[in-house]
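Here's the structure we're looking at; comments come further down.
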């Protein structure tokens, strides 16, 4: 993800922090500074936020390690102002596996909350757990309530929270996966409506933001699953672009400009003098190179050399998922090393529109 910095690695998974995370640190530091106008108080607040997000990392690591048991890798864990995201390569479609992956994160918080409770109660007593003010008081007691909140919040039955995936997994034991997703998404959108309505009643912008986040997450999940289902069992060869232009790595970028102006193509496979695919040139990178380097720039100066390829016999469902995670958004299609087509996010969308229109005609 852009504007993210790597801060470490856990269990072989890169942990990144987004630039906007700094806003939270500055804001919390300022709030604590206003309490007694001392630097020590501001630092104390910042350290508590860092502890809080360490718990969030452990929560996401629970998802990642459980997914790894089922052969699903995690690309990275990213810390955002609203929490953390473990970016799995895919979610398991087996209901039992999805249930375990979804529940693993909150389970980590339950264990942490139990451990903190076991320390706070014997040493300080139950009165220390009364959450009078989350900005001050016993640090361990405050961390206990952080874990309780994370469990309750993440188990809301709405995408993209863990509770929404648990609901889908339970429904999928008896229903079709797409139907289970649609029901779970509808429940999530209903909850988003209620949260948003409550936010308007009490004039709480945070609740309104959460409602929008939940609504969009539920809609996106439903659309994604429907598209995957529609593409299942269809080989790439039925949807790939076969009429396309190719660039050589040593050509000037003006050649790509000419192709864009003359035709419909936006992204180009790049080949060596021997015809081997060595890169992909995206329109966005073309314009950036023209701006940064000028008209003397070569295709090799702007092309992506870190790209994926596909085989014509692959199924569109799998390629669709790869396109979602690939920065290129364009895959050269090779048969025996020979370039025979292109598959892009755009032409997949057009293929879906054609299929939908044909289904309507048959209906």
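Please verify whether residue 217 is crowded, with 16+ Cβ neighbours inside 10 Å, at pLDDT below 85, touching a helix residue (DSSP H, G or I) at 6+ places or on another chain (Cβ under 8 Å) and within 30 Å of residue 45 (Cβ to Cβ), treating the condition exactly as stated. Walk me through how you get there before you give the answer.
Values: crowded, with 16+ Cβ neighbours inside 10 Å: yes; at pLDDT below 85: yes; touching a helix residue (DSSP H, G or I) at 6+ places or on another chain (Cβ under 8 Å): yes; within 30 Å of residue 45 (Cβ to Cβ): yes.
The answer is yes for residue 217.
Being in contact with a helix residue (DSSP H, G or I) (Cβ under 9 Å, 6 or more places away or on another chain), over 21 Å from residue 159 (Cβ atoms), in contact (Cβ under 8 Å) with a residue 24 or more places away in the chain and part of a helix (DSSP H, G or I), is that true of even one residue in segment 96-111?
Taking every residue of segment 96-111 in turn, at least one turns out to be in contact with a helix residue (DSSP H, G or I) (Cβ under 9 Å, 6 or more places away or on another chain), over 21 Å from residue 159 (Cβ atoms), in contact (Cβ under 8 Å) with a residue 24 or more places away in the chain and part of a helix (DSSP H, G or I).
Can you go through 67, 42 and tell me which one is modelled with pLDDT of 85 or more and either surrounded by 18 or more Cβ atoms within 10 Å (Cβ to Cβ) or touching a strand residue (DSSP E or B) at 6+ places or on another chain (Cβ under 9 Å) (or both)?
On the way: 42 fails: modelled with pLDDT of 85 or more.
Selected residue: 67, the only one of 67, 42 that is modelled with pLDDT of 85 or more and either surrounded by 18 or more Cβ atoms within 10 Å (Cβ to Cβ) or touching a strand residue (DSSP E or B) at 6+ places or on another chain (Cβ under 9 Å) (or both).
Being free of Cβ contacts under 8 Å to residues at least 12 places away in the same chain and within 13 Å of residue 114 (Cα to Cα) is the filter here, so list the residues in segment 136-153 that pass it. Before you say what the answer is, go through the steps one by one.
Here is the first cut: in segment 136-153, the residues free of Cβ contacts under 8 Å to residues at least 12 places away in the same chain are 137, 149, 152-153.
Residues satisfying the conditions do not exist here.
Out of contact with any strand residue (DSSP E or B) (no Cβ under 9 Å at 6 or more places or on another chain) and in contact (Cβ under 8 Å) with a residue 12 or more places away in the chain: is that true of residue 301 in this structure? Full working, then the answer.
Details: out of contact with any strand residue (DSSP E or B) (no Cβ under 9 Å at 6 or more places or on another chain): yes; in contact (Cβ under 8 Å) with a residue 12 or more places away in the chain: yes.
Against the criterion (out of contact with any strand residue (DSSP E or B) (no Cβ under 9 Å at 6 or more places or on another chain) and in contact (Cβ under 8 Å) with a residue 12 or more places away in the chain), residue 301 qualifies.
Among 158, 172, 102, 107, which is farther than 29 Å from residue 51 by Cα and surrounded by 13 or more Cβ atoms within 10 Å (Cβ to Cβ)?
On the way: 158 fails: farther than 29 Å from residue 51 by Cα; 102 fails: farther than 29 Å from residue 51 by Cα; 107 fails: farther than 29 Å from residue 51 by Cα.
After applying the criteria, what remains is 172.
Report yes if residue 361 is surrounded by fewer than 15 Cβ atoms within 10 Å (Cβ to Cβ) and either closer than 29 Å to residue 224 by Cβ or at pLDDT 85 or above (or both), otherwise no. Spell out the reasoning first.
On the way: surrounded by fewer than 15 Cβ atoms within 10 Å (Cβ to Cβ): yes; either closer than 29 Å to residue 224 by Cβ or at pLDDT 85 or above (or both): yes.
Against the criterion (surrounded by fewer than 15 Cβ atoms within 10 Å (Cβ to Cβ) and either closer than 29 Å to residue 224 by Cβ or at pLDDT 85 or above (or both)), residue 361 qualifies.
Is it fair to say residue 156 is farther than 24 Å from residue 18 by Cα, in contact (Cβ under 8 Å) with a residue 40 or more places away in the chain, more than 18 Å from the chain's Cα centre (by Cα) and assigned to a loop (DSSP other than H, G, I, E, B)?
yes
Check whether at least one residue in segment 283-306 is part of a loop (DSSP other than H, G, I, E, B), under 30 Å from residue 224 (Cα atoms) and modelled with pLDDT of 85 or more, and report yes or no. Explain how you work it out, then say what you get.
Within segment 283-306, the first condition is being part of a loop (DSSP other than H, G, I, E, B), and the residues that meet it are 293-297, 303, 305-306.
Checking the rest, the ones that are also under 30 Å from residue 224 (Cα atoms) come to 303, 305-306.
Remaining after also requiring modelled with pLDDT of 85 or more: 303.
Checking segment 283-306: at least one residue is part of a loop (DSSP other than H, G, I, E, B), under 30 Å from residue 224 (Cα atoms) and modelled with pLDDT of 85 or more.
Kindly list the number of the only condition in (1) under 24 Å from residue 14 (Cβ atoms); (2) touching a helix residue (DSSP H, G or I) at 6+ places or on another chain (Cβ under 6 Å); (3) free of Cβ contacts under 8 Å to residues at least 40 places away in the same chain that fails for residue 77.
Exception for residue 77: condition (3).
Please verify whether residue 229 is part of a helix (DSSP H, G or I) and under 29 Å from residue 182 (Cα atoms), treating the condition exactly as stated.
On the way: part of a helix (DSSP H, G or I): yes; under 29 Å from residue 182 (Cα atoms): yes.
Yes, satisfied.
Do you know which of the residues in segment 331-345 that are touching a strand residue (DSSP E or B) at 6+ places or on another chain (Cβ under 9 Å) and not in a strand (DSSP E or B) is nearest to residue 320 (Cα to Cα)?
Taking segment 331-345 as the starting set, the residues that turn out to be touching a strand residue (DSSP E or B) at 6+ places or on another chain (Cβ under 9 Å) are 331-335, 337, 339-345.
Those left that are additionally not in a strand (DSSP E or B): 337, 345.
Values: 337: 21, 345: 8 Å.
The selected residue is 345.
Among the residues of segment 112-140 satisfying the criterion of being in contact with a helix residue (DSSP H, G or I) (Cβ under 8 Å, 6 or more places away or on another chain) and outside any helix (DSSP H, G or I), which is modelled with the highest pLDDT? Talk me through it step by step, then tell me what you get.
Within segment 112-140, the subset in contact with a helix residue (DSSP H, G or I) (Cβ under 8 Å, 6 or more places away or on another chain) is 112-113, 116-117, 119-121, 124, 128-129, 131, 134-140.
Adding the requirement that they be outside any helix (DSSP H, G or I) leaves 131, 134-138.
Values: 131: 62, 134: 57, 135: 57, 136: 65, 137: 69, 138: 79.
Step by step, filter segment 112-140, then rank; the result is 138.
I want to confirm something. Restricting to segment 249-282 and keeping residues that are free of Cβ contacts under 8 Å to residues at least 12 places away in the same chain and either part of a helix (DSSP H, G or I) or under 33 Å from the mean Cα position of the chain (by Cα) (or both), which single residue is nearest to residue 339 (Cα to Cα)? Full working, then the answer.
Taking segment 249-282 as the starting set, the residues that turn out to be free of Cβ contacts under 8 Å to residues at least 12 places away in the same chain are 258, 261-262, 264, 274.
So of that shortlist, the ones also either part of a helix (DSSP H, G or I) or under 33 Å from the mean Cα position of the chain (by Cα) (or both) come out as 258, 261-262, 264.
Working: 258: 22, 261: 23, 262: 22, 264: 19 Å.
So, considering only residues that are free of Cβ contacts under 8 Å to residues at least 12 places away in the same chain and either part of a helix (DSSP H, G or I) or under 33 Å from the mean Cα position of the chain (by Cα) (or both), the one nearest to residue 339 (Cα to Cα) is 264.
Hey, among 84, 71, 62, which residue is outside any helix (DSSP H, G or I) and within 18 Å of the chain's Cα centre (by Cα)? Full working, then the answer.
On the way: 71 fails: within 18 Å of the chain's Cα centre (by Cα); 62 fails: outside any helix (DSSP H, G or I).
The unique qualifying residue is 84.
The values are calculated or read from the model by the stated rules, or taken from the named source; none is laboratory data. Keep in mind that this is a model prediction, so the values were computed, not measured. In this analysis, Cβ positions are derived from the backbone assuming ideal geometry, glycine residues included, and neighbour counts consider all displayed protein chains.
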